[in-house]
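The values are calculated or read from the model by the stated rules, or taken from the named source; none is laboratory data. Source: prediction; values computed, not measured. Cβ placement follows ideal geometry from the backbone for every residue including glycine, while neighbour counts extend to all protein chains displayed.
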Amino acid sequence: MDLTQWLIALHVLAAFALVAALVLFSIVIAFGWNRDRPSEIVSLFRVSRVGDVLFGVGAVGTILFGVWLAIQMDEYGIFDGWVIAALVLWAILMETARREGKLYARSRDRARELFGGGADVSDAELRSLQRSQPALMFHVASCVLAFLLILDMIWKPGA
């Protein structure tokens with residue numbers, strides 16, 4: 001395999017990691033939606049650590065290998081429309097995911113606070129944080145942006 005083939009393989013692998021993280025976060029959100037006991041929420045957030053790592057690797061890998069590919073390959077350029085669209089979609093995806101994570105971190109912190117204090121009973125504030133509409137909307141937006149990014153990579157409009 002030559003360098004370009006390695007870059008493509010690593011870029012696609014990073015994209016899989018990013019999508020896997022979004023799927024894992026979707027599962028955690030779905031399972032946590034009707035949960036309000038701190039022990040359950042703390043357990044869910046332990047699982048989401050895997051998603052945090054996958055998301056980080058996927059985010060860095062997709063941008064790093066994607067830009068490298070755009071520079072490396074003769075038939076594509078960094079200023080091609082579909083590459084610029086991918087960069088914009090990637091940046092917006094990172095921001096929506098950051099905001100989502102910040103909102104769900106409040107739920108995680110509240111659950112840890114209650115669980116660490118020995119209170120493992122239903123908590124209305126924790127339930128409210130778990131069902132945060134803005135956090136859910138940011139997650140949905142992140143998933144839609146990832147889907148659009150994949151479509152852009154597959155069809156390369158304007159190339």
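Quick check on residue 45: is it under 18 Å from residue 105 (Cβ atoms), aromatic (Phe, Trp, Tyr), at pLDDT 95 or above and part of a helix (DSSP H, G or I)? So residue 45 passes the test.
Restricting segment 33-72 to residues that are in contact with a Phe, Trp or Tyr (Cβ under 7 Å, 6 or more places away or on another chain) and farther than 20 Å from residue 18 by Cβ, the residue that is surrounded by the most Cβ atoms within 10 Å (Cβ to Cβ) is 38. For segment 124-146, the candidate set comprises residues that are free of Cβ contacts under 8 Å to residues at least 12 places away in the same chain and more than 17 Å from residue 109 (Cα to Cα); within that set, the residue that is surrounded by the fewest Cβ atoms within 10 Å (Cβ to Cβ) is 133. Cβ separations smaller than 7 Å between residues 6+ apart or across chains give the following pairs from segment 1-14 residues that are part of a helix (DSSP H, G or I) to residues that are surrounded by fewer than 13 Cβ atoms within 10 Å (Cβ to Cβ): 4/73. Taken over segment 1-39, the criterion of being modelled with pLDDT under 95 and out of contact with any helix residue (DSSP H, G or I) (no Cβ under 7 Å at 6 or more places or on another chain) is satisfied by 1, 34, 37. Going through segment 107-154 one residue at a time, which ones are of a type in the set (Gly, Ala, Ser) and part of a helix (DSSP H, G or I)? Those that are of a type in the set (Gly, Ala, Ser) and part of a helix (DSSP H, G or I): 107, 111, 116, 124, 128, 135, 141, 142, 146. Inside segment 73-89, residues that are loosely packed, with under 14 Cβ neighbours inside 10 Å, within 22 Å of the chain's Cα centre (by Cα) and touching a residue at least 60 places away in the same chain (Cβ under 8 Å) make up a count of 0. Counting only residues that are of a type in the set (Gly, Ala, Ser) and outside any helix (DSSP H, G or I), segment 73-106 holds 1 of them.
When segment 15-28 is limited to residues that are within 22 Å of residue 151 (Cβ to Cβ) and without any contact (Cβ under 8 Å) to a residue 60 or more places away in the chain, the one that is farthest from the chain's Cα centre (by Cα) turns out to be 16.
Per the conditions (1) under 28 Å from residue 135 (Cα atoms); (2) loosely packed, with under 14 Cβ neighbours inside 10 Å, the sole criterion not satisfied by residue 26 is (2).
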